[in-house]
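Data first, discussion second: the structure below is written as structure tokens.
Read-outs: derived from the displayed coordinates by stated rules, not from any lab. None of the values given here were measured: they were computed from a predicted structure. Glycine also receives a Cβ, built like all others from the backbone with ideal geometry; neighbour counts cover every protein chain displayed.
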Amino acid sequence: MCLLSLYEHTKQRTHFTDIYKTEIKMVEPVIIVHGGAGDIPENRVPAKIKGVKLAASLGYKSLNSGGSILDAIEVAVRSMEDDEAFNAGYGSVLNLDAAVEMEASMQRGSDLQAGCVTLIRDIRHPISIARRVLEKTPHAMLGGDGARRFAISEGFETVPPSSLVTDAALQALEDFLNGGGGGRIEIGHKKDMGDGVSTVGAVAIDSEGRIAVATSTGGMTGKYVGRIGDTPQIGSGTYADDKIGGVSTTGHGETILKVCLAHSIIIGMEKGLSPQEATTQAIDAMTNRLTETAGAITLSNKGDIGMYFSSKMMAWCYVKAGKIHYGIKPNEHNIEDFDVNAP
Ligand code: ASP
């Protein structure tokens, strides 16, 4: 066999092996969640840790009991949308009209199908509307009144907008209006204006290597009415591709979207970086160039984990192989046994 045909033969065999591996691959299922990157005040740390542990546990149990990959990330994000410790759903931060305007996105890695919503004012779980956009419309993003009408037609209940507003969110807006902070203030953080809030996200992979990602936010305190950030934008807040991996980001939206942060991390992995290297490099490059900070959670298509933040803290948690891992400060990594059958 001449050298050239040997080369072609090897290439074909490698290609065949890759396809074969993709078809039969069995992966250790993982769900990883974040509860937002920023300068989180100490008094909000315990609630955030508790909330991310609950979200990851619920998502993993859903996967383990036969739920789909979309069920797993939806249940995880919904539990954080219900939790006022996070800036998503109930407890979202407020715009300059002292109103909630929420955004969310979801992407399925098998076919890249996406569903995104923005400017949601009176529905408690934006992530569930995003999922419905993904599954039931020919579109990828709906906003404002159109998103609301679509959600109602799908049976979603509206709630009084004021029922989503917490005292902590009102206090944060007051602090913002009194002291500035350029729109970057963590709820409950009065003196040292924080560099972020608490968007939530989930990335999961099932035993067959299917990946999906969900991200949900109230945005930033004191934002203009009608402001749209990174979270509902595929490539910035969320990205999922079964061939490479999945990413959910958090941090300064106007900066994240300028560098398409989630997709930049995916590109790094596509070029051969590990999820940890790709996540660290893309976030550091963003912060070095544009100053503002961010964080991200990442899974490769083998279920390897990447997680990094250039902000002071980011609450994160993942469940993998009978253990639950979590942390919030740099280099903090706690590990406990995880009993999937525990209530
Ligand atoms: N990225 C979100 C936004 O700018 C905020 C956050 O992640 O904390 O809307």
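The magnitude of the dipole of the range 53-125, with charges of +1 and -1 set on the Cβ of Lys/Arg and Asp/Glu and taken from the Cα centre, is near 280 debye. Each helix, a run of at least 4 DSSP H residues, gives -39500 (n - 2.57); summed and divided by the residues of the chain, these come to -11500 deg cm²/dmol at 222 nm. Here the calculated FRET efficiency for A47 and E277, from their Cβ-Cβ distance with R0 = 35 Å, stands at 0.65, rounded to the nearest 0.05.
Cα centroids of the range 275-343 and the range 257-272: 16 Å apart. In plain terms, if you count all Cα to Cα distances in the range 243-343 and split them into 5 Å steps from zero, the share in each step is 3, 14, 23, 22, 18, 12, 5, 3, 1, 0 percent. Between N334 and E270, the simple spin-label model (points 7 angstrom out along Cα→Cβ) gives 3.8 nm. When all alpha carbon pairs of the range 16-144 are counted in 10 Å bins from zero, the resulting P(r) reads 12, 35, 34, 14, 4, 1 %. Within the chain, antiparallel bridges make up roughly 90 percent of the DSSP beta bridges whose residues both belong there. When each of the peptides 69-78, 277-286, 168-177 is scored by the mean number of other C-beta atoms lying within 10 Å of its residues, the order from highest to lowest reads 69-78, 277-286, 168-177. With both labels modelled 7 Å from their Cα along Cα-to-Cβ, the E157 to D284 distance reads 4.9 nm. Work from the charge dipole of the chain (Cβ charges, +1 for Lys and Arg, -1 for Asp and Glu, about the Cα centre) and give the residue of A72, F176, A114 farthest towards its positive end. Of the candidates, A114 comes out farthest on the positive side. Legend: residue pairs K48/K243; K53/K302; K136/K323; K53/K258; K136/K258; K258/K320, Cα-Cα distance threshold 27 Å; pairs beyond threshold, K48/K243; K136/K323; K53/K258; K136/K258; K258/K320.
Sequentially through the range 277-283, phi angles give Karplus couplings (6.51, -1.76, 1.60; θ = phi - 60°) of 5, 5, 5, 4, 5, 5, 5 Hz, Gly and Pro residues having no value and appearing as x. Say R0 is 30 Å: what FRET efficiency, to the nearest 0.05, do N178 and K136 get from their beta-carbon distance? Between N178 and K136 the formula returns 0.10. Each Lys or Arg adds one and each Asp or Glu subtracts one; over the other residues with Cβ under 12 Å from the Cβ of G109, this totals -2. Other residues with beta-carbon under 12 Å from the beta-carbon of M269 carry, at +1 per Lys or Arg and -1 per Asp or Glu, a net charge of -1. With the biggest extent put first, the Cα atoms of the chain measure 77, 44, 41 Å across the principal axes. Out of every Cα-Cα pair in the range 281-329, what percent are more than 16 Å apart? Value for the range 281-329: 47 percent of Cα pairs lie more than 16 Å apart. Neighbours of V133 by Cβ distance under 13 Å: Lys/Arg scored +1, Asp/Glu scored -1, total +2. Residues whose amide H falls under 5 Å from that of N87, counting only those 5 or more places apart or on a different chain, are S198, T199, with hydrogens built in the peptide plane.
For the range 32-47, 3J(HN,Hα) computed residue by residue from phi via the Karplus equation (6.51, -1.76, 1.60; θ = phi - 60°) reads 10, 10, 10, x, x, 9, x, 8, 7, x, 3, 5, 9, 5, x, 5 Hz, glycine and proline entered as x. Distance between the pseudo-spin-label points of K323 and Q113 (7 Å out from Cα toward the beta carbon): 3.5 nm.
Length gained on full extension, E208 to D97: 35.4 nm, using 0.36 nm per residue less the C-alpha separation. Show the residues, 5+ positions off or on another chain, whose built amide H is closer than 5 Å to the amide H of Y308. Result for Y308 returns A296.
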